[in-house]
Amino acid sequence: MKRVMRFGKKSKLSPRYIGPFEILHRIEPVAYRVALPPALVGVHNIFHISMLRKYIPNSTHIFDYEPLQIQEDMTYAEEPVRTLEKKEQVLRTQTIPLVKVLWNNHATNEASWELEEQIPDKYP
């Protein structure tokens with residue numbers, strides 16, 4: 001059985017999943033040992049069931065796994081792939097330009113709205 005693993009949070013209460021990874025065996029009713037790649041050697045391989053999500057196979061899904069570059073503090077760098085939409089948030093006295101950014105290692109439904117002026121500064 002394969003599961004996708006929740007790993008870190010990009011923004012408030014926004015789960016991010018990486019994987020799929022194979023479950024080696026069940027340790028307790030809510031704890032599972034997962035087969036992790038060598039790139040995740042610093043991550044403990046036992047996870048609570050709330051950190052896992054079932055992987056639903058799809059015959060049209062082409063699985064191209066590119067391992068994350070994990071830093072020493074167990075974080076990874078996010079980079080924008082492209083902008084999906086633009087909009088302007090109108091407040092009472094000002095208008096804020098926003099762009100919807102698709103990030104690498106994330107699905108389209110996980111794209112986030114960012115300030116348009118900050119994207120070129122952070123990611124030249």
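Things worth noting here:
- Members of the stretch 16-39 that are exposed (fewer than 11 other Cβ atoms within 10 Å of the Cβ), in a strand (DSSP E or B) and not acidic (Asp, Glu): His25
- Checklist (1) touching a helix residue (DSSP H, G or I) at 6+ places or on another chain (Cβ under 7 Å); (2) modelled with pLDDT of 85 or more; (3) under 30 Å from Leu115 (Cα atoms); (4) of a type outside the set (Asp, Glu) applied to Arg82, failing item: (1)
- Evaluation of Thr95 against (1) surrounded by fewer than 13 Cβ atoms within 10 Å (Cβ to Cβ); (2) in contact with a strand residue (DSSP E or B) (Cβ under 9 Å, 6 or more places away or on another chain); (3) polar (S, T, N, Q); (4) closer than 30 Å to Val41 by Cα (one fails), failing number: (4)
The values are calculated or read from the model by the stated rules, or taken from the named source; none is laboratory data. All values derive from a computational prediction rather than experimental measurement. Quick reminder, even Gly has a Cβ in these numbers, built from the backbone with ideal geometry, and neighbours come from all protein chains shown.
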